[in-house]
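The values are calculated or read from the model by the stated rules, or taken from the named source; none is laboratory data. Just so we're clear, the structure is a prediction, and the values are computed from it rather than from any experiment. Ideal geometry is used to build each Cβ from the backbone, glycine not excepted, and the neighbour counts take in all protein chains shown.
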Amino acid sequence: MSVKSPITTEVITEAQRQIRICNACRYCEGYCSVFPAINRQRQFATGDIIQLANLCHNCQGCYHACQYIEPHEFKINLPQSLANVRVESWQTHSIPSFFAIRFQQSGVAIAAILVIAIALFIITLQNLNTTDGNGFYAYMSHSMMVLMFTPLFIAPLIIIAAMLKRYWQTINGKPIRLTHVQQAISSAATMKNLSGGQGQGCNYEAGDRFTNKRRWFHQATMFGFLLCFASTATATILHYVFQLPAPYPLLSLPKLLGLPGGILLVIGCAGLAWLKVKANPDLGATSVRGGEMAFILLLGLTGATGLLLYFATGTSLVPVLLAIHLGTVLSLFILMPYSKMVHGFFRLAALIHDAQQKAR
Amino acid sequence: MILAGKHDTKMNSQTLNLTTTTWDVIVVGGGNAALCAAIEAASTGATVLLLEGAPPVYRGGNSRHTRNFRCMHKGPLSNLTDTYHIDEYFDDLIRVTKGQTDEKLAKLAIAESEACLPWMEAQGIRFQPSLSGTLSLSRTNAFFLGGGKALVNALYNTAEDLGVTVQYNAMVEKLIIKNSRFESLQLNINEQRHSIVGKSIVLASGGFQSNLDWLAQAWGPAARNFLIRGTPYNKGVVLKNMLDQGAQSVGDPTQCHAVAIDGRAPKFDGGIVTRLDCVPFSVVVNKSAHRFYDEGEDVWPKRYAIWGRLVAAQEDQIAYAIIDSKSVDLFMPSVFPAIQADTLDKLAQQLGLNEKALTDTVEQFNNACQTGDFHPTELDGLRTHGLELPKTNWARPVNKPPFYGYPLRPGVTFTYLGLKINETAQVMTDLDTPFKNIWAAGEIMAGNVLGQGYLAGFGMTIGTVFGRKAGQEAARHVS
């Protein structure tokens, strides 16, 4: 069954108009995967446009190379047009889409979630710090943490899985093969589509000059996040399988993964936020700029509070830092389906589909 | 000095700086040739001012619309495969120009093109494998990653890094020349007149193809219906001013290079996307719905070169390519959707053609088609029989609805009239002596080597080779 996408027709029609012009030009086909994907087709249905939009990494190379940007009557601004489609596609594929629209557009809404989550932990800690564990668990028992977090971790993942299923129907995706996934992961791991095609990088923050700053900061963020995630996963295994509860020494997997992960995450997010301030907002989806910025800061704050918590071990600051850190983590997870965070999932799906299309 | 009004302080202080400095090298123009000249001159330490007539968004002249560089090479070079020797390159040039070339200058351009490619890379220009649909050029032409505007951006960045002062919206009106020596120039910046003094000058301000009055004078009133594929800023003001001051001209003043493009294209600046490659699969008719030339005569690029002229000769300078659903996907996608109808009658109505005349023409054509093998990418010899005006290849009946129509108009690419130069790119006077401190590069002198016809990517070769030369020579003159 095909899901009818309620995406607004204006953004789709506008992207179709621009892509028709791009397909007659083809000067940009060396920059990224979007243009070869355009060249493979002549007609672009809504699903095709949504796929192209999610394939676009917003490197902006095509905008600066384009002879047809405003005030030319063709008014090409493909990075913005595809960003508009992309953001709407995350919203319309979301469940419920109202949440996505709210949190993607509003930094204030994200901050509100964060404040509520932190407050929740402060209250919880104040009322339940009667356990006799070590480290964090002196303040909040592990079972209590698991009880609180498990549903809030699992639910967003289930929602995202459902969103991706809908996306796959929208773009008419085929059964996935390992080789498609390998290609997609390799592309994401190297941020190939922000390389400018030849490693010179993208045009994000320095006008028509190419730099790799965004690529590096993005990878610091992505790998930082993944390391933090791996740290948590190993800690969970140590806890349950090996009966080794936290706190862990420096030379343990959770710390060896988590410490560099936290540092990378902080550096990456700070860098991305800095670049975003310098970038031209008119080459992206302006409606979600506030929400995107708030999300980057939230992600960075998660890393920063985690690190602070580590350095504060044994001091009286731990309870308040713990509440703040857990608040950021919880917010991050709750917001996962409804924030910029989903771009990673959709991007990977788009890269997998692109690998399929290329193979045909 | 007039510095008042609507412009910000930065602009005013730059304008002040412009007019109080005696520049070592002034470069008129802002495309590839101008930038190559400015970069070469600035590399020697000279103070360089580049005067671009367009605002920043439209900078780069016709280079904005280019996509490749025809390059000689004795072995594989960058993305270029195999070899492309000077003799073969020169033969290609002779074939398109029918000998309308200065052999010495042409061979110089060709020979130096090989060293230009690595130089361009060093200036930040990137090359890529030849674009989809252009495999025929993969041996001879190096394609710019991102096209001509990306090239222009890279060159502006390099020029700025070298300290070149760039003034946009700077329309040069007049050079003050005394005893064959350039002294100063008058220009208009944002509707303010200024005078600028320089020790040497490089003219790289293009041809006159966007000056419709001049085109109409040269070609006749029909030229007002031509579309101009490139920049609207090439008005030929500097070219005209130099010719009025005794510069020697080169190239046929009445001719321009025109191709048949989508008739719905913008008047100016439509660029590459307005091309239509549907002619060989079409029945092409004029306003009276009559055919006027063998649509299947030849493959690209010859076909490309002649159809602009053919359409220009028709009433109202318009023609219509009629195809059916068998052929609609056989050529590069068009920028505007084809006009579509279920019957030829309805198509004629939509195109504003006489219905009976069009159906008669197509019927007559269809009846003359023969059975045989159709090969869209080569001369297949599938020809009509019995028509006074045959179609000699790809002649398949137009009979499978829906039917499609594309209006065609002449799209002017460049003009041939230019300034005669010597081997150091110095502009020559009518007396066959050079102006002491005036050089020329790019379209304004391309007529020296490309007197007729068109050779893909050769304009950029001329611009790069002579732009570099002019910049080097101008800088040497003041050192």
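Is the range B:134-142 home to any residue that is touching a residue at least 12 places away in the same chain (Cβ under 8 Å), of a type in the set (A, V, I, L, M, F, W, C) and in a strand (DSSP E or B)?
Yes - at least one qualifying residue is present in the range B:134-142.
Go through the range B:106-118 and count every residue that is within 15 Å of B:Asn79 (Cα to Cα) and either over 21 Å from the mean Cα position of the chain (by Cα) or at pLDDT below 95 (or both).
Going through the range B:106-118 one residue at a time, the tally reaches 3.
Against the condition of a type outside the set (D, E, K, R), away from chain A (no Cβ under 13 Å) and in a helix (DSSP H, G or I), how does B:Ala106 come out, does it pass?
Against the criterion (of a type outside the set (D, E, K, R), away from chain A (no Cβ under 13 Å) and in a helix (DSSP H, G or I)), B:Ala106 qualifies.
Look through the range B:117-132, keep the residues that are of a type outside the set (Lys, Arg), out of contact with any His (no Cβ under 8 Å at 6 or more places or on another chain) and under 13 Å from B:Asn68 (Cβ atoms), and return whichever of them is nearest to the other protein chains (Cβ to nearest Cβ).
The qualifying residue nearest to the other protein chains (Cβ to nearest Cβ) is B:Gln128.
Keeping to the range A:291-321, report how many residues are more than 21 Å from A:Phe225 (Cα to Cα), of a type outside the set (A, V, I, L, M, F, W, C) and either in contact with a Ser or Thr (Cβ under 6 Å, 6 or more places away or on another chain) or not in a helix (DSSP H, G or I) (or both).
Residues in the range A:291-321 being more than 21 Å from A:Phe225 (Cα to Cα), of a type outside the set (A, V, I, L, M, F, W, C) and either in contact with a Ser or Thr (Cβ under 6 Å, 6 or more places away or on another chain) or not in a helix (DSSP H, G or I) (or both): 4 in total.
Within the range B:27-58, can you find the residues that are within 14 Å of chain A (Cβ to nearest Cβ) and surrounded by fewer than 24 Cβ atoms within 10 Å (Cβ to Cβ)?
Hits for the range B:27-58 are B:Ala54, B:Pro55, B:Pro56, B:Val57, B:Tyr58.
Quick test of your reading of the structure: B:Ile39 fulfils all but one of (1) at pLDDT below 95; (2) within 27 Å of B:Met171 (Cα to Cα). Name the failing condition by number.
(1) is the only condition that B:Ile39 fails.
What's the total number of residues in the range B:316-346 that are more than 11 Å from chain A (Cβ to nearest Cβ) and in contact (Cβ under 8 Å) with a residue 60 or more places away in the chain?
18
So, in the range B:402-415, of the ones that are surrounded by fewer than 24 Cβ atoms within 10 Å (Cβ to Cβ) and hydroxyl-bearing (Ser, Thr, Tyr), which residue ends up nearest to the chain's Cα centre (by Cα)?
Among those residues, the one meeting the criterion is B:Thr413.
So, A:Pro96, is that one within 20 Å of A:Leu351 (Cα to Cα) and not acidic (Asp, Glu) or not?
Answer is no for this residue.
Let me spell it out: the conditions are (1) over 21 Å from B:Gly457 (Cα atoms); (2) surrounded by 22 or more Cβ atoms within 10 Å (Cβ to Cβ); (3) in contact with an Asp or Glu (Cβ under 7 Å, 6 or more places away or on another chain); (4) within 14 Å of chain A (Cβ to nearest Cβ), and B:Gly230 meets all of them except one. Which number is the exception?
(1)
So, B:Lys149, is that one in contact with a helix residue (DSSP H, G or I) (Cβ under 9 Å, 6 or more places away or on another chain), of a type in the set (Lys, Arg) and within 14 Å of chain A (Cβ to nearest Cβ) or not?
Against the criterion (in contact with a helix residue (DSSP H, G or I) (Cβ under 9 Å, 6 or more places away or on another chain), of a type in the set (Lys, Arg) and within 14 Å of chain A (Cβ to nearest Cβ)), B:Lys149 qualifies.
Being assigned by TED's automatic domain parsing to the domain that holds B:Ser63, on the phi > 0 side of the Ramachandran plot and of a type outside the set (D, E, K, R) narrows it down to one of B:Gly163, B:Gly148, so name that one.
After ruling out the rest, the residue left standing is B:Gly163.
Taking into account only those residues within the range B:273-318 that are β-branched (Val, Ile, Thr) and crowded, with 22+ Cβ neighbours inside 10 Å, which is farthest from B:Thr384 (Cα to Cα)?
B:Val273
Kindly establish whether A:Tyr167 is modelled with pLDDT of 85 or more, outside the structural domain of A:Ile69 (by TED's automatic domain parsing) and among the aromatic types (Phe, Trp, Tyr).
So A:Tyr167 passes the test.
Being surrounded by fewer than 18 Cβ atoms within 10 Å (Cβ to Cβ) and in contact (Cβ under 8 Å) with a residue 24 or more places away in the chain is the filter; apply it to the range B:181-191 and report the residue that is nearest to the other protein chains (Cβ to nearest Cβ).
B:Asn190
With (1) crowded, with 20+ Cβ neighbours inside 10 Å; (2) within 14 Å of chain B (Cβ to nearest Cβ) as the list, and A:Glu73 as the residue in question, which single condition is left unmet?
Of the numbered conditions (1) crowded, with 20+ Cβ neighbours inside 10 Å; (2) within 14 Å of chain B (Cβ to nearest Cβ), the odd one out for A:Glu73 is (1).
I'm checking my understanding of the structure. Among residues of the range A:245-279 that are touching a residue at least 24 places away in the same chain (Cβ under 8 Å) and either assigned to a loop (DSSP other than H, G, I, E, B) or not assigned by TED's automatic domain parsing to the domain that holds A:Leu330 (or both), which one is surrounded by the most Cβ atoms within 10 Å (Cβ to Cβ)?
The qualifying residue surrounded by the most Cβ atoms within 10 Å (Cβ to Cβ) is A:Ala279.
When residues of the range B:278-310 are filtered for being charged (D, E, K, R) and within 14 Å of B:Asn393 (Cβ to Cβ), how many remain?
Counting residues in the range B:278-310 that are charged (D, E, K, R) and within 14 Å of B:Asn393 (Cβ to Cβ) gives 6.
For B:Ala222, only one of the following conditions fails: (1) of a type in the set (A, V, I, L, M, F, W, C); (2) in contact with a strand residue (DSSP E or B) (Cβ under 6 Å, 6 or more places away or on another chain); (3) surrounded by fewer than 24 Cβ atoms within 10 Å (Cβ to Cβ); (4) under 30 Å from B:Phe331 (Cα atoms). What is its number?
Here B:Ala222 meets the rest and fails (2).
Which number in (1) surrounded by 15 or more Cβ atoms within 10 Å (Cβ to Cβ); (2) more than 26 Å from B:Ala46 (Cα to Cα); (3) among the aliphatic types (A, V, I, L, M); (4) at pLDDT 95 or above marks the one condition that B:Leu137 misses?
That leaves (4) as the condition not met.
Which one is surrounded by the fewest Cβ atoms within 10 Å (Cβ to Cβ) among residues in the range A:90-107 that are of a type in the set (Val, Ile, Thr) and in contact (Cβ under 8 Å) with a residue 60 or more places away in the chain?
By that ranking, first place goes to A:Ile95.
Yes or no: the range A:23-44 includes at least one residue that is buried (at least 20 other Cβ atoms within 10 Å of the Cβ), over 26 Å from B:Tyr156 (Cα atoms) and facing chain B (nearest Cβ under 8 Å).
Among the residues of the range A:23-44, at least one is buried (at least 20 other Cβ atoms within 10 Å of the Cβ), over 26 Å from B:Tyr156 (Cα atoms) and facing chain B (nearest Cβ under 8 Å), which makes the answer yes.
Can you go through A:Arg289, A:Arg215 and tell me which one is in the same structural domain as A:Ala111 (by TED's automatic domain parsing), within 21 Å of A:Cys62 (Cβ to Cβ), in contact with a Pro (Cβ under 7 Å, 6 or more places away or on another chain) and of a type in the set (D, E, K, R)?
A:Arg289
Quick check on my filter: what residues within the range B:338-375 are farther than 20 Å from B:Tyr320 by Cα and either among the basic types (Lys, Arg) or in contact with a Phe, Trp or Tyr (Cβ under 7 Å, 6 or more places away or on another chain) (or both)?
Within the range B:338-375, B:Phe374 is the sole residue that qualifies.
Please verify whether the range A:268-284 includes one or more residues that are hydrophobic (A, V, I, L, M, F, W, C) and over 24 Å from A:Tyr63 (Cβ atoms).
Yes, the range A:268-284 has at least one match.
With B:Gly270, B:Gly263, B:Gly246, B:Gly251 as the choices, which residue is crowded, with 21+ Cβ neighbours inside 10 Å, out of contact with any His (no Cβ under 7 Å at 6 or more places or on another chain), on the phi > 0 side of the Ramachandran plot and in contact (Cβ under 8 Å) with a residue 24 or more places away in the chain?
When all the criteria are applied, what remains is B:Gly251.
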